[in-house]
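Here the structure comes first, spelled out in structure tokens, and everything after it is commentary.
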Amino acid sequence: MFTTRTLTALAAATALALSLAACSGAADAGSGTPSVDAATATSLSAFGDLAALEDAARAEGALNVIALPRDWANYGAVLDAFAKKYPEITITEASPDASSAEEILAAENLVGQDTAPDVFDLGLAVALSSTDSFAPYQVATWDEIPDALKEESGLYTGDYGGYMAVGYDPDAVSAPTQLSDLLGAEYKGKVAINGDPTQAGAAFAALGLATVQNGGTVADFQAGIDFFDELNQAGNFVKIDPTPATIASGETPVVFDWDYLNVGYGTSLAGERNWEVVVFPGTGYAGYYNQAVNKDAPNPAAARLWQEFLYSDEGQNLWLAGGARPVRAEAMQAAGTIDAELFAALPAAPDETVVPSEAESAAGAALLGEKWAAAVQ
């Protein structure tokens with residue numbers, strides 16, 4: 001989908017199950033399939049089939065998710081669809097506005113407790129630095145996920161993505177036509193990014209876009225750091241995490257964010273605040289968010305069932321309904337299972353798009369760790 005926010009990637013119980021610990025699943029006893037330790041399952045074949053995994057997850061009866069805002073990439077509809085399909089599984093949604101780094105911290109703080117997150121949704125930089133927290137799992141549709149978007153053993157897997165864009169209030173500022181416009185006096189105290197780039201994937205990608213738009217490469221984010229240093233020195237950078245509320249109040253009238261999130265801001269504020277979205281000409285920056293299973297998931301079967309749902313045709317089309325680009329889009333288009341109308345409605349891709357490799361993302365994260373705070377202090 002992209003040439004090279006993309007990220008390397010991630011992919012039954014009967015009465016017998018009731019006698020197992022809550023953290024273990026079991027296959028269908030009637031089929032004669034032996035019991036399954038869901039916490040060690042690396043693919044659907046460990047359970048036998050999807051029905052057996054569903055039964056194991058129902059026996060657990062719970063799924064803990066974290067950092068999933070309902071207005072982010074259609075996550076509200078995704079969560080509701082899973083809940084409707086599996087009403088026996090109670091979903092607990094913790095800290096919807098947490099960053100990727102805070103997801104990992106929560107898992108570390110809650111290890112061994114039944115409230116720990118079962119699954120993660122992460123930007124690549126945090127995924128790369130947190131592999132010790134993940135259990136490898138390859139979903140049934142693994143072969144349809146591009147190799148460049150998945151970690152080979154399934155520790156983390158790209159799922160949905162888009163292009164870094166700038167959203168703006170046309171009643172507050174003139175339409176920016178290129179990145180350098182944001183350095184102008186009219187944007188003083190008006191430009192925000194979605195989080196801390198050392199912790200949040202969307203903010204990391206904002207630095208990536210600034211890098212490639214200023215002649216740098218994803219192998220070295222220094223050009224992006226320099227741009228935000230200049231933006232800060234001009235007084236244009238505002239250190240407020242943007243939300244629909246901050247946009248509605250006028251606190252963040254210009255926002256770097258994924259195209260699908262910026263489009264979502266406009267949709268949620270329709271009739272209250274005008275909001276336009278621009279993907280700057282020139283080199284674009286694309287990226288995927290990654291799914292991973294917590295190695296210490298209190299509900300390991302439900303965690304794996306959640307992964308299967310997200311990478312199913314139904315789950316992938318739900319991302320598309322939110323304006324995001326599903327990782328299996330090309331395979332689904334070839335199979336005729338993608339929502340063709342929604343797919344055709346996606347914004348045109350830039351002529352040239354870059355996506356950092358695993359090594360480049362790690363290097364970018366390290367450089368930001370060293371220099372970001374000083375650049376915007």
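From the largest down, region 145-185 spans 49, 19, 14 angstrom on the principal axes of its Cα atoms.
Please express the shape of region 242-377 as an equivalent ellipsoid: the semi-axes are the square roots of 5 times the eigenvalues of the C-alpha gyration tensor, given largest first in whole angstrom. Could you put the intermediate results ahead of the total?
Working: eigenvalues 147, 112, 70 Å².
For region 242-377, the ellipsoid semi-axes come out as 27, 24, 19 Å.
Recomputing mean projected area of the Cα convex hull in nm² from the coordinates shown identifies the correct label among (i) 23.8; (ii) 17.8; (iii) 20.1 as (ii). What you get for the chain, charging only the Cβ of Lys and Arg (+1) and of Asp and Glu (-1), is a dipole of about 240 debye around the Cα centre.
Remark: relative contact order (region 119-262) = 29 percent; criterion is Cα-Cα distance under 8 angstrom and separation of 6 or more residues. Over region 95-196, all Cα pairs binned in 5 Å intervals from 0 give whole-percent P(r) values of 2, 9, 17, 15, 13, 12, 11, 9, 8, 4, 0, listed from short to long.
How high is the relative contact order of region 25-179, in percent, counting Cα pairs under 8 Å that sit 6 or more residues apart? Numbers along the way, then the final one.
Values: 165 pairs, mean separation 30.8, N = 155.
Taking the mean separation of contacting Cα pairs over the length of region 25-179, I get 20 percent.
Each of 269, 141, 337 was placed along the dipole of the chain (beta-carbon charges, centred on the mean Cα), and the one lying farthest toward the positive end is 269.
Here the convex hull built on the C-alpha positions of region 169-292 has a volume of 106 cubic angstrom per residue.
For region 251-318, what is the charge dipole size about the Cα centre, in debye to the nearest 20, if Lys and Arg each add +1 at the Cβ and Asp and Glu each add -1 at the Cβ? List each step's numbers first, then the result.
On the way: 3 positive and 9 negative charges, 39 e Å.
In total the dipole reaches around 180 debye.
Amide H contacts under 5 Å for residue 192: 238, 254, 255, 256, restricted to partners 5 or more places along the chain or on a different chain, H placed in the peptide plane at 1.01 Å from N. Here the dipole of region 219-376 is about 360 debye; that uses its Cα centre as origin and unit charges on the Cβ of Lys and Arg (positive) and Asp and Glu (negative).
FYI, it's all coordinate maths here, none of it is from the lab. None of these values were measured; they are calculated from a predicted model. When we count neighbours, we look across all protein chains shown, and the Cβ atoms used for this are built from the backbone with ideal geometry, even at glycine.
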